[in-house]
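Data block below; observations after.
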Amino acid sequence: MNILLKSATIVDSSNPDYHLKKWDIHIKDGTIKDIAPTLQIREKVEVIEHDNLHVSIGWLDTGVSFGEPGYEERETIANGLSTAAKSGFTDIIHNPNTLPIPDSSSDIVFLKTAAKDSAVNLYPLGALTTQSDGESLAELYDMKSAGAVGFYDYKRPIGNPNLMKVALQYAHNFNGLIHSFPMDKQIAGKGIVNEGEVSTKLGLKGIPNMAEELNLARDLFILEYTGGKLHVPTISTEKSVQLIWEAKDKGLDVSCSVAIHNLCLTDEVLTSFDSRHKVMPPLRTNKDREALIKGLKEGVIDFVTTDHRPLDIELKRIEFDNASNGTIGLESAFGALNTLFDLETTIALLTKGRERYGISQPILKIGEEAVLTLFDPDIEYTFTEEDIISSSKNSAFLDIKMRGRALGIIGNNQYIH
């Protein structure tokens, strides 16, 4: 690799010398060789130019699902990582919802080996319990030693509070990060959308906010007793934000994320009965949405995630009640966030989270490895199927106006665009 980025506006608030100024950036053999207002490279170099080229350190997504192994028709690891790269992500945290479910060190090794030649770094989560059945703990320490960055029964709440207690106590011995999906299944019952005015009008069974909040309150109470590290993926209600704030105020080691679609959409979109909008946790009210946005701005919510979940057409284009939960989100992530927030906030959100997972933070500096995302923040467009790179097309963002596109990444000595 020998690349020259011409007149790239650097977005990096941690580096005031470079921040929001135009620079030429020379990258050779995966390392940043020079940064200057103008560079003349005498050797043969690939010049990358764009009318409105911007660059930041590489983006991270803390919640991505593919399909392989077991569900390759939804998405392979290779195409999933290519999609992530072209969507601007240099690092992803991979959810444990494949077949088989990764609950042993050999499963973790398989995932890391499958991704080893990619420009995108894949960091796998291991299952918290064997086969994610909620009955007994999986091989947590062995998976951590093999490269797992945390443990999660994907979208499956831990019903047994004693099991959650033991998991936090055990993982505390080796600094393991426990994930707990906040949903009380008994309260949620057979609900499929947010319980409220919209669900009543449409005649759909609802999931009350309390189903999330009861489970979250329980886990935070257990965390206060046990110590350890807890991450709560994809909260969705106003009260959940308040509960997380109170826990952090007590000094508990807890983090949480929010799905981008829960920041942008509400249950009002369900009037079309389009199963693309059937997600878990469900889309809530505008009051909840505004509380989530406020929680992000105030630092109560730690980071955003696409909660990217490819699903084939047979699982989505059926009756709403029977359709599976989930939406893809990698391709739409930047455009959606950049429409909702200012550019500096958007980039800050997309580059947060590495420390929580024990991943080193890239540095945009001469002599450092080049882990960069290239983008144009000002392109305005309507998101359509032509913008989807994933094998599956189940996007909740179709036909939504956006601002900003990712142009590609530089990572692991590769340029993907």
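The values are calculated or read from the model by the stated rules, or taken from the named source; none is laboratory data. Just so it is clear, the structure is predicted and the values come from calculations on it, not from any experiment. Here the Cβ is made from the backbone with ideal geometry for all residues, glycine too, and neighbour counts use every protein chain on show. Side chains included, ligands, DNA and RNA excluded: accessible areas come from the protein's heavy atoms. Shrake-Rupley method; radii C 1.70, N 1.55, O 1.52, S 1.80 Å.
Some values worked out for this structure:
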| item | result |
| --- | --- |
| Residue among N15, N52 that is within 29 Å of V258 (Cβ to Cβ), at pLDDT 95 or above and more than 20 Å from the chain's Cα centre (by Cα) | N52 |
| Strands (runs of 3 or more DSSP E) lying entirely in segment 1-89 (those with 2 or more residues that are open to solvent by less than 10 Å² (accessible area, probe 1.4 Å)) | 2-10, 22-28, 54-57, 59-64 |
| From L283, L315, L292, L311, residue being modelled with pLDDT of 95 or more, farther than 19 Å from N394 by Cα and not basic (K, R) | L292 |
| Among (1) more than 25 Å from D321 (Cβ to Cβ); (2) surrounded by 20 or more Cβ atoms within 10 Å (Cβ to Cβ) - the single one S199 does not satisfy | (1) |
| Filtered residue count, segment 236-281, keeping only those that are out of contact with any Gly (no Cβ under 7 Å at 6 or more places or on another chain), more than 18 Å from G206 (Cβ to Cβ) and open to solvent by less than 50 Å² (accessible area, probe 1.4 Å) | 12 |
| Those residues of segment 231-261 which are in a loop (DSSP other than H, G, I, E, B) and in contact with a strand residue (DSSP E or B) (Cβ under 6 Å, 6 or more places away or on another chain), in sequence order | P233, T234, I235, D253 |
| Helices (runs of 4 or more DSSP H) completely within segment 96-176 that count 3 or more residues being over 30 Å from G408 (Cα atoms), touching a Leu at 6+ places or on another chain (Cβ under 7 Å) and open to solvent by less than 50 Å² (accessible area, probe 1.4 Å) | 161-172 |
| Qualifying residue in segment 349-357 (condition: surrounded by fewer than 24 Cβ atoms within 10 Å (Cβ to Cβ) and without any contact (Cβ under 8 Å) to a residue 40 or more places away in the chain) | yes |
| Residues that are touching a Lys or Arg at 6+ places or on another chain (Cβ under 8 Å) and open to solvent by 40 Å² or more (accessible area, probe 1.4 Å), drawn from segment 185-194 | G189, K190 |
| Options N286, N338; residue that is of a type in the set (S, T, N, Q), in contact with a Ser or Thr (Cβ under 7 Å, 6 or more places away or on another chain) and touching a residue at least 40 places away in the same chain (Cβ under 8 Å) | N338 |
| Which numbered condition G80 misses (of (1) without any contact (Cβ under 8 Å) to a residue 12 or more places away in the chain; (2) touching a Leu at 6+ places or on another chain (Cβ under 9 Å); (3) of a type outside the set (K, R)) | (1) |
| Residue match in segment 219-230 (condition: part of a helix (DSSP H, G or I), within 23 Å of the chain's Cα centre (by Cα) and aliphatic (A, V, I, L, M)) | yes |
| Boolean, E380 is open to solvent by 10 Å² or more (accessible area, probe 1.4 Å) and part of a strand (DSSP E or B) | yes |
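Okay, residues lined up against (1) open to solvent by 10 Å² or more (accessible area, probe 1.4 Å); (2) under 13 Å from the mean Cα position of the chain (by Cα):
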residue: D302; (1), (2): yes, yes
residue: H308; (1), (2): no, yes
residue: L311; (1), (2): no, no
residue: E314; (1), (2): yes, no
residue: E319; (1), (2): yes, no
residue: S324; (1), (2): yes, no
residue: S332; (1), (2): no, yes
residue: T339; (1), (2): yes, no
